[in-house]
Amino acid sequence: MKRRNSLSLALPASMVSEHTDLRDKTAALAQVGRAAAIYRVDEIIIYPDKPDESLLMKYVLGYMETPQYLRKYLFKVRPELRYAGALPPLRTMHHPVDDEAANIDVGEVREGVVTEANDNGFLVDVGVDQPLKVDGRGPSKGSRVTVKVQRKRPLTGRPVKKSQLDDYWGYDLRGSRARLGELALSPEWDLTIATSRLGEEIGKHTYELSTAWLTCRKTLVAFGSHKEGIHEIVMREGRRAEECFRYILNTIPSQGTETVRTEEAVHATLAILNNFKD
């Protein structure tokens, strides 16, 4: 099941810059993609930071989120995806493994890409051995769409929106022009949380957080980089972290290592927040 309320992560564009090897950068992003899917994150936002590796982050995380049968349409051969073959599968509801039209059920929802389109309708590759037809004018060829199967013979369906689905349907990616402090102060968020080793232990705010979690519509959880924490990053904007975030929390108290990598902090933080009912 998807979350009742929306959960977004804010990650620095420099997140993987501590790694010098592309294979290691890809592996770090793989951990983030898996964590986002496991804990039903709705959106990953990449905020500006130096060095800027946002392009690599968008390609790797976007590739992971895309069903395997659609990648040939949506991704060209690129150096950023050199180690994409080593990425773990998400195995979410929108990544089906059955590739036979005979096994599709009426009412099933699939991701697809428009392969042909005209004024009367369009054909969609939904990862089976025949295209699905949708009547009426639709998106242009090459567009990614979400469709619901209405009939098996012939295979037909209609477009649906992710917001109409009950199941978790992957994460969206967004590149932010706004720096972290400005992003956190946006009125789109009902609840903002920054993670920091300098923050208060999350256990001290369990009751407050669980109550806020029930009532908020959109939550932003922000992470720093390996070089700078949330306080330092926001300070470069001439702001104080306490002015930008409702909570600044240490989600890994008494850590046994000198540093915690961003991808590790993402997993640890989301595992705790996942205990709050939404």
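The values are calculated or read from the model by the stated rules, or taken from the named source; none is laboratory data. Computed from a predicted structure; not experimentally measured. A quick note on method: Cβ atoms are made from the backbone with ideal geometry, for glycine too, and the neighbour counts reach across all protein chains shown.
Highlighted here are the strands (runs of 3 or more DSSP E) found entirely within the stretch 159-239 that include at least 1 residues which are more than 18 Å from the chain's Cα centre (by Cα) and loosely packed, with under 15 Cβ neighbours inside 10 Å: 191-201. When ASN5 is tested against the conditions (1) out of contact with any helix residue (DSSP H, G or I) (no Cβ under 8 Å at 6 or more places or on another chain); (2) at pLDDT below 95, the lone failure is (1). Any residue that is of a type outside the set (Ser, Thr, Tyr), under 27 Å from ALA30 (Cβ atoms) and at pLDDT below 95 - is there at least one of those in the stretch 178-197? Taking every residue of the stretch 178-197 in turn, at least one turns out to be of a type outside the set (Ser, Thr, Tyr), under 27 Å from ALA30 (Cβ atoms) and at pLDDT below 95. Taking the conditions exactly as written (modelled with pLDDT under 95, under 30 Å from ARG151 (Cα atoms) and surrounded by fewer than 18 Cβ atoms within 10 Å (Cβ to Cβ)), does ASP119 satisfy them or not? The answer is yes for ASP119.
Conditions (1) part of a helix (DSSP H, G or I); (2) loosely packed, with under 14 Cβ neighbours inside 10 Å; (3) in contact with a Leu (Cβ under 8 Å, 6 or more places away or on another chain), marked per residue:
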residue: GLU242; (1), (2), (3): yes, yes, no
residue: LEU249; (1), (2), (3): no, no, no
residue: GLY256; (1), (2), (3): no, yes, no
residue: GLU263; (1), (2), (3): yes, no, yes
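Taking the criterion of being hydrophobic (A, V, I, L, M, F, W, C) and out of contact with any Lys or Arg (no Cβ under 8 Å at 6 or more places or on another chain), the only residue of the stretch 137-175 that qualifies is VAL145. If you go through the stretch 218-269 and pick out every residue that is among the polar types (S, T, N, Q) and under 15 Å from MET15 (Cα atoms), you end up with 3. Are any of the residues in the stretch 84-92 surrounded by fewer than 16 Cβ atoms within 10 Å (Cβ to Cβ), assigned to a loop (DSSP other than H, G, I, E, B) and small (Gly, Ala, Ser)? The answer is no, given that none of the residues of the stretch 84-92 is surrounded by fewer than 16 Cβ atoms within 10 Å (Cβ to Cβ), assigned to a loop (DSSP other than H, G, I, E, B) and small (Gly, Ala, Ser). Restricting attention to the stretch 39-52, the residues that are of a type in the set (Asp, Glu), out of contact with any Pro (no Cβ under 9 Å at 6 or more places or on another chain) and in a loop (DSSP other than H, G, I, E, B) total 2. Against the numbered list (1) surrounded by 15 or more Cβ atoms within 10 Å (Cβ to Cβ); (2) modelled with pLDDT of 95 or more; (3) touching a Leu at 6+ places or on another chain (Cβ under 6 Å), ALA101 comes up short only at (2). With the condition kept exactly as written, say whether any residue in the stretch 98-110 is in a strand (DSSP E or B), closer than 26 Å to LYS2 by Cα and assigned by TED's automatic domain parsing to the domain that holds GLU228. No, because not a single residue in the stretch 98-110 is in a strand (DSSP E or B), closer than 26 Å to LYS2 by Cα and assigned by TED's automatic domain parsing to the domain that holds GLU228. Can you run down the residue pairs with Cβ atoms below 6 Å, 6 or more apart or on separate chains, where the first is in the stretch 45-61 and over 20 Å from ILE233 (Cα atoms) and the partner is among the polar types (S, T, N, Q) and buried (at least 20 other Cβ atoms within 10 Å of the Cβ)? Close Cβ pairs satisfying both conditions: VAL60/THR26. Under the condition of being under 16 Å from GLU65 (Cβ atoms) and among the charged types (D, E, K, R), the residues counted in the stretch 84-137 number 3. Considering only residues of the stretch 6-38 that are of a type in the set (Asp, Glu) and not in a helix (DSSP H, G or I), which is surrounded by the fewest Cβ atoms within 10 Å (Cβ to Cβ)? Filtering the stretch 6-38 for residues that are of a type in the set (Asp, Glu) and not in a helix (DSSP H, G or I), the one surrounded by the fewest Cβ atoms within 10 Å (Cβ to Cβ) comes out as ASP21.
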